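Each remark here refers to the structure printed beneath this line.
The values are calculated or read from the model by the stated rules, or taken from the named source; none is laboratory data. A quick note: this is a predicted structure, and the numbers were derived from the prediction, not measured. Quick reminder, even Gly has a Cβ in these numbers, built from the backbone with ideal geometry, and neighbours come from all protein chains shown. Keep in mind that these areas ignore ligands, DNA and RNA; they rest on the heavy atoms of the full protein, side chains included. Shrake-Rupley method; radii C 1.70, N 1.55, O 1.52, S 1.80 Å.
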Amino acid sequence: MINTSTLLYNASNLPISSIRRSNKLNIKAVKMELTLTRPDDWHLHLRDGDLLAAVAPYSARDFGRAIVMPNLRPPITTTADAIAYRESIMKVLPADSDFNPLMTLYLTDTTSPNEIKLAKESGVVYAVKLYPAGATTNSQDGVTDLFGKCLPALQEMAEQSMPLLVHGEVTDPDVDIFDREKVFIETVLRPLIQKLPRLKVVMEHITTADAVKFIETCKEGTVAATVTPQHLVLNRNSLFQGGLQPHYYCLPVLKREIHRQTILSAVTSGSKQYFLGTDSAPHERQRKESSCGCAGIFNAPVALSLYTKIFEEAGALEKLEAFTSFNGPDFYGLPRNTSKIKLTKRPWKVPERILFPSGEIVPMFAGQMLDWKPSF
Ligand code: OTD
Ligand code: ZN
Ligand code: ZN
C-alpha cells in the first residue's frame, strides 16, 4: 500500500515525478493526480425538458462529447428530429461549455435508406440505435423485423460507415431475463454480422462473459462494445442487499459476479474493442421508488470516479486513458480530444439528490464517499 508518496501521472499514467518520500514522522500524506485526455461518453441518455437541463451539465463537465441516445417520447427517428434535439441540448449547457453532443437515430421497421443518407450528410448524426421492441425504457416503437423490414436501412448504413448501436437483448418473455443477452448474441447479432460483415456495430452496455467471448471473435474496428460503471462495480446481489434497491435497477439487469469479473478483465486488458459508455439514464425519484419502478441508473456525476477506481484496483491505471479517451473516437473515426482533464485522489461525497423543477433525481451511490474527483 502506498502511504507516503505523492504520485503524479502524465497522460499515459506513468509516474512523472519520482516518488517524494516524506519524512519518517509524516507518513500519512497521499496525493495522487492523474491527467487524462478529455474522455467521451459513447452512450448517454440526456432526456428532454427540465430533466435535460438538470442532468446535461454533469456530462458536459467531465466529457468532451457524448453519443446521445434517441429514446425520447416520441423517439428521435429522423435527422430533422435529431437536429432539433441537439439544439435543445445546446441551449441548456453552461455558457463556457464546449461539450459536443453526437446525435443518433432510433431505428424502426420503417427507417428508409434515404433517411440514413440524410443522417450521414447532416454531420450531426453519428449512429443509429437498435432497440428490439420492448427491450428497455421507451423501446415500444423499436424494431420487430430486423432481418426483413430493416435490411435496406442496414445495408445503407454499411455503405455509409454509419455504426449500428445495439441494445443486445431478446425480448421473448419465455427467455429468462439473465439469459437475454446471450440468446441475442446467438440468434441476432452473430447472424447479423455474418450477413453484413462491413456494418460497424457497437454492442452497448455489455453485461456477460458471453458478450466478452463474442466480441473477442469479432474484427477490431468493425465490432466493439461499451461498458457502464454499474456493470463493472456491481453484481446482481446489489439489487437485493438489505432490501430491494431500485436505484440499482437498470437494463440489461446486473448479472452474477463471474460476469462482472470477466468484463472487468476485458476492459482492463488494453483491448481496443472496449470503450466508455456510461448509459447514465436518469428518472425522477418517484418513478424509481414505485410499485413498478423504471429501469435506469443516473451515474453521470460519478462515472469517471468509478471507472478510475476500477482501473486502479485492477492495477491497470496505465490502461485507463485508452478506454476513456482513445478507443471510442478511434472506432468512430473521429479525432481524439486534445484538451485534458485532471483527476485527484481525494475523498468526496456524492450528493444525496439533485433537485429540479419537477422533482428530484437520486444519483448512483448517493450520499456515499468516492475517491477520485475530476477537477478543472
Ligand atoms: N437501460 N434505462 C434506460 C436505458 C438503458 O437500455 C438502456 O440503454 C432508460 O431509462 O432510458 C435502462 O435501464
Ligand atoms: Zn440499452
Ligand atoms: Zn442506454
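What do you get when you divide the Cα radius of gyration of the chain by 2.2 N^0.38 Å, with N the number of residues? Mind dumping the intermediate values first?
On the way: Rg = 20.4 Å, N = 376, 2.2 N^0.38 = 20.9 Å.
Relative to the rule-of-thumb radius for its length, the chain sits at 0.97.
Going down the list 120/149; 117/213; 149/200, which pairs span over 22 Å between their C-alpha atoms?
With Cα atoms farther than 22 Å apart: 117/213.
Using the per-residue mean of other Cβ atoms lying within 10 Å as a proxy for protection, in what order, highest first, do the peptides 158-170, 185-197 fall?
The most tightly packed comes first, giving 158-170, 185-197.
For residue 349, which aspartates and glutamates qualify as cross-link partners when the Cα separation must be under 14 Å and same-chain residues fewer than eight apart are set aside?
Cross-link targets: 371.
Taking residue 129 as the anchor, which aspartates and glutamates have their alpha carbon closer than 16 Å to its alpha carbon, excluding any fewer than eight residues away along the same chain?
41, 81, 109, 115, 141, 145, 156, 169, 204, 279
What dipole magnitude, in Debye to the nearest 20, does segment 264-355 give about its Cα centre under +1 on Lys/Arg Cβ and -1 on Asp/Glu Cβ?
Numbers: 13 positive and 9 negative charges, 60 e Å.
In debye, rounded to 20, segment 264-355 gives about 280.
Rank 297, 67, 339 by how far each Cα sits towards the positive end of the charge dipole of the chain (+1 on Lys, Arg Cβ; -1 on Asp, Glu Cβ) and give me just the farthest.
Final value for the positive-end residue is 339.
Summarise the accessible area of the chain (1.4 Å probe, protein heavy atoms) by the percent that is carbon and sulfur.
So the carbon and sulfur contribution to the accessible surface is 52 percent.
Please give the Cα centre distance for segment 228-288 versus segment 295-353, rounded to the nearest Å.
Distance between centres, Cα-based: 15 Å.
From the phi of every residue in segment 295-310, what ³J(HN,Hα) in whole Hz does the Karplus formula 6.51 cos²θ - 1.76 cosθ + 1.60 yield, where θ is phi - 60° and glycine or proline is x?
3J(HN,Hα) across segment 295-310, in whole Hz: 8, x, 10, 8, 10, 3, x, 10, 4, 5, 4, 5, 4, 5, 4, 5.
Please compute the per residue accessible area over segment 128-223 with all protein chains in place, 1.4 Å probe, rounded to a whole number of Å².
41
What share of the DSSP beta bridges in the chain is antiparallel, in percent to the nearest 5?
Of those bridges, close to 35 percent are antiparallel.
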